[in-house]
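Working notes, beginning with the structure itself.
What follows is calculated from the coordinates using simple rules that are stated; it is not laboratory data. All values reported here derive from a predicted model rather than from experimental measurement. Glycine also receives a Cβ, built like all others from the backbone with ideal geometry; neighbour counts cover every protein chain displayed.
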Amino acid sequence: MSKTTELFMGIRSLFRLYDKMLKKVCAEHDLTVIEADVISFLQNNPEKDTAADIVELRMLSKGAVSKAVESLIQKSFLERIPDTEDRRKIHLRLKPQADPVTKSIDRVREEFLDTILKGFTNDELELHRRFFDRLIENTKIAMEGREK
């Protein structure tokens, strides 16, 4: 198996494990995985609060995000806030009713990290952080088409 294939399969496995763990939250709060993703995204990215932000950064389809947002509004977990400067822009804000869901998501995220980082020493975790930071920086440089 090539290193590229191995890397992509590993990343996909991480996402699948997180989604599997997130399904507990979905069952507990009667949500779809996309709805839980939207809540999680808004919880963790307060500066990125539009449906377009969610579509772009989570790489979800526009239709799926739109459907999830509508459902979350119906369930009183989410509200729309018109932008004061740009009428075309609508911000999304979690309502207090979403607090039990966000707490459940926090628990799942902690359990996920505990699971995948089990057995690593502090030195290994620091090395991983530096490795990951460089990986992300190299990716940004390549995407922008510039050399370091």
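Which value at 222 nm does the chain reach when only helices count, each DSSP H run of 4 or more adding -39,500 (n - 2.57), with the total divided by all residues and rounded to the nearest 500 deg cm²/dmol? The partial results should precede the final answer.
Values: 6 runs with 101 residues, N = 148.
Helix contribution divided over all residues of the chain: -23000 deg cm²/dmol.
Roughly how many whole Å is it from the C-alpha centroid of the range 105-130 to that of the range 7-69?
20
What longest range of the chain stays clear of loop-exposed GluC sites (Glu not before Pro) (DSSP non-H/G/I/E/B, at most 10 other C-beta within 10 angstrom)? List each step's numbers first, then the result.
Working: sites that count: 47, 85, 147.
Result for the longest clean stretch: 86-146.
Given the convex hull of the Cα atoms of the chain, what is a quarter of its surface area in nm²? Mind showing how you got there, number by number?
On the way: hull surface 48.1 nm².
Averaging across all directions leaves 12.0 nm² for the Cα convex hull.
Bin by bin, in steps of 5 Å, what percent of the Cα pairs in the range 18-99 do you find, going until the bin that has the longest distance?
For the range 18-99, the binned pair fractions read 3, 15, 27, 27, 19, 5, 2, 1, 0 percent.
Within the range 1-97, report the trypsin sites (Lys or Arg not before Pro) that DSSP leaves as loop and that have at most 11 other Cβ atoms within 10 Å. Could you put the intermediate results ahead of the total?
Details: sites: 3, 12, 16, 20, 23, 24, 48, 58, 62, 67, 75, 80, 87, 88, 89, 93; in loops: 48, 75, 87, 88, 89.
Answer by residue number: 87, 88.
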